[in-house]
Amino acid sequence: MVRIAIVEDDRHDREALKKCLSRYEKENQVKFSLTEFQDGEDIVTDYTASYDLIILDIEMAFLNGMKAAEKIRELDTNVIIIFITNMPQYAIQGYKVNALDYILKPISYFSFSESMARALSKVKAPEKEYITIVLKGGKKKLDVARICYVEVQDHVLIYHTLDGDFETKGTMRDTDNQFNPKRYFRCNRCYLVNLEFVETYQGSDIMVNGDTIQVSRSRRKPFLDALNEYMNEVGK
């Protein structure tokens, strides 16, 4: 998950950026978490270093992108900054804030995708964690981050992943030491969910990667607390 902030005061340009980002996600099998701001003042107020990439318009009404970038750099030296502008002479000043690139308006998807490729190559990828499960006739190594949820049925654990479902003998207790409790939550006695893939929560039901799972009555408040804490941590 790449955390991106869009700072753009023009609604049409914001929508154009979001369309480009959506297309890039689909074409490159990457997932973005987007936060939108309508002015430089909005993002620098109570700024926290929770973004991997900031796409920043230079010309804005209250605090322009260059001034906003200077304030951001005082607090965050790692975030990648890309400027968008229709006045390239201003973008040249980007070296002062170590901006990676600038994109000219109107936004061309080709130039946008090239800038995104450069930006994502610099985003530090977290080290992958794996677990190994025993299948019929062999073993399977699973990328923990791609496990959407784990289900147990009659002493059979079913790992529902982005790459398919995999079954192994076991009980839910066998998963206790496999997953980070800040990211995975036991919502009832039969399901352990990856909070990253929770799409909606209504009443006692949650949608996890397209599947509906029930949260038991006693776990509803702890689940909400865990979900809110996780979302705040990853900047959703």
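Here, each number is a calculation from the coordinates, and none is a lab measurement. Just so you know, these numbers come straight off a predicted model, no measurement behind them. Don't worry about glycine lacking a Cβ; one is built from the backbone with ideal geometry, like all the others, and counts go over all protein chains shown.
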Legend entry - Ranking of Ile158, Ile213 by count of other Cβ atoms within 10 Å, fewest first: Ile158, Ile213
Inset, instruction - For region 216-229, just list the computed ³J(HN,Hα) in residue order, Karplus coefficients 6.51, -1.76 and 1.60, θ = phi - 60°, integers in Hz, with x standing in for Gly and Pro. - result: 5, 4, 5, 9, 5, 5, x, 5, 4, 4, 5, 5, 5, 5
Legend entry - Listed residues Val134, Val215, Val79, most fluctuating in the chain (Gaussian network, C-alpha, under 10 Å): Val134
Inset, instruction - Quick one: work out the % antiparallel among DSSP beta bridges in region 77-220, nearest 5. - result: 90
Inset, instruction - Using the Kirkwood radius over Cα pairs, work out the Stokes-Einstein diffusion coefficient for the chain at 4 °C and 1.567 mPa s, in µm²/s as a whole number. - result: 65
Legend entry - Cut-off 15 Å between beta-carbons: net charge of the residues surrounding Ile213, Lys and Arg +1, Asp and Glu -1: -1
Inset, instruction - Tell me the label-point distance for the pair Asn232, Asn78, using the 7 Å Cα-to-Cβ offset, in nm and rounded to one decimal. - result: 2.0
Legend entry - Neighbour-count order for Val208, Val123, fewest beta carbons within 10 angstrom listed first: Val123, Val208
Legend entry - Fraction of antiparallel bridges per DSSP, region 2-122 only, in percent to nearest 5: 0
Inset, instruction - Give me the number: length gained by fully extending Met207 to Lys139, i.e. 0.36 nm times residue separation minus the C-alpha to C-alpha distance, one decimal in nm. - result: 21.5 nm
Legend entry - Net length gained if the chain between Ala117 and Arg217 were fully extended (0.36 nm per residue, minus Cα distance): 31.5 nm
Inset, instruction - Rounded, prolate or oblate: pick one for region 1-66, where a ≥ b ≥ c are the square roots of the eigenvalues of its C-alpha gyration tensor, a/c under 1.5 means rounded, and failing that, prolate if a/b is larger than b/c, else oblate. - result: oblate
Legend entry - Cα-projected label distance for Tyr130 with Met1, points at 7 Å along beta-carbon direction, nm: 2.4
